[in-house]
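Here's the structure, in structure tokens; my notes come after.
The values are calculated or read from the model by the stated rules, or taken from the named source; none is laboratory data. Since this is a predicted model, take the numbers as computed values, not measurements. Counting neighbours? That spans all protein chains shown, and the Cβs are built from the backbone with ideal geometry, glycine included. Only protein heavy atoms, including side chains, enter the accessible area calculation; ligands, DNA and RNA are left aside. Shrake-Rupley method; radii C 1.70, N 1.55, O 1.52, S 1.80 Å.
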Amino acid sequence: MRCIALFSVKGGVGKTALAVNLAHAAATLSGRRTLLWDLDAQGAASWLLKVEPRAGAKARKGLAEANLADLVQPTAFPNLDVLAADRSLRRLETDLATEGEKQLKKALKSLEDRYDRIILDCPPGLTELADQLFRAADLIVVPLIPSPLSTRALEQLTQHLAAEMKSPPPVMPAFSMADRHKGLHREALAAHPEWPVIPYAAAVEAMTATRQPLLAGRSSPAATALAGLWADVERRLTA
């Protein structure tokens, strides 16, 4: 089992859409037994895949008891399950601060016989929860809108990891919502030609209407870019 954290220091960078699409790619393109764990209390990733938390479900309790399997639900796509967000996650930060750093990693380990890939849709911000997710992850994928502020946010993350962890997981930046018609975007893309690029596309915005991953619909430049990004992620995980 390998764990991929989708993280951003701030919101509004397309993180959740990327998490949903990468989870779908893992399940369909690679045939991996995949779990998308929606850790953002807003539950957008769960909603996009048409999964609602079960009545009375509390991911916070399942995490405390290292028993998450009963909270997992299937999606309409083979090999892809979701652990939906629920309101209990609002209090998760306090729990993790008092229970110690191994709680989340232990809970993930309880799922290792069921899944090949676990995608974590992390809430934004450098918090105690983020630190535990980093310790549990094999790779951190960081979506960035091409701009100086996004580059600064990435620097903040790498500095934080270096200060908090002896052996932090690798960080994989990826440009999100890139618009080559904008001068700032072109400059950022030119400065980092080695980073994957997901272009701005109406099809990504339309996910909120279709509630379908891009690769489940018509071919498009954005879908092709997402497939390429997943191939890059797989190469890193299996190297």
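Quick look at the numbers
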{"item": "The chain, accessible area per residue, ligands and nucleic acids excluded (1.4 Å, Å²)", "result": "47 Å²"}
{"item": "Cβ-based net charge around residue 81, under 9 Å, with every Lys or Arg adding one and every Asp or Glu removing one", "result": "+2"}
{"item": "222 nm mean residue ellipticity, helices alone, for the chain (DSSP H n ≥ 4; -39,500 (n - 2.57); rounded to 500)", "result": "-12000 deg cm²/dmol"}
{"item": "P(r), alpha carbons of the range 116-239 - 5 Å bins starting at zero, rounded %", "result": "2, 9, 18, 20, 20, 17, 10, 3, 0"}
{"item": "Residue 114/residue 232 FRET efficiency (R0 22 Å; Cβ-Cβ; nearest 0.05)", "result": "0.30"}
{"item": "Karplus-derived HN-Hα couplings along the range 198-210 (A = 6.51, B = -1.76, C = 1.60, θ = phi - 60°), whole Hz, x at Gly and Pro", "result": "9, x, 4, 8, 4, 4, 5, 4, 5, 4, 5, 8, 7"}
{"item": "Residues with amide H under 5 Å from that of residue 176, placed H, sequence gap 5 or more", "result": "144, 145, 198"}
{"item": "Phi-based couplings in Hz for the range 177-186 (Karplus 6.51, -1.76, 1.60; Gly and Pro marked x)", "result": "6, 6, 10, 6, 6, 9, x, 4, 5, 4"}
{"item": "Fraction of accessible area attributable to carbon and sulfur, the range 127-239 (%, probe 1.4 Å)", "result": "55 percent"}
{"item": "Net length gained if the chain between residue 202 and residue 54 were fully extended (0.36 nm per residue, minus Cα distance)", "result": "50.1 nm"}
{"item": "Alpha-carbon Rg/Rh ratio, for the chain, with Rh computed the Kirkwood way", "result": "0.94"}
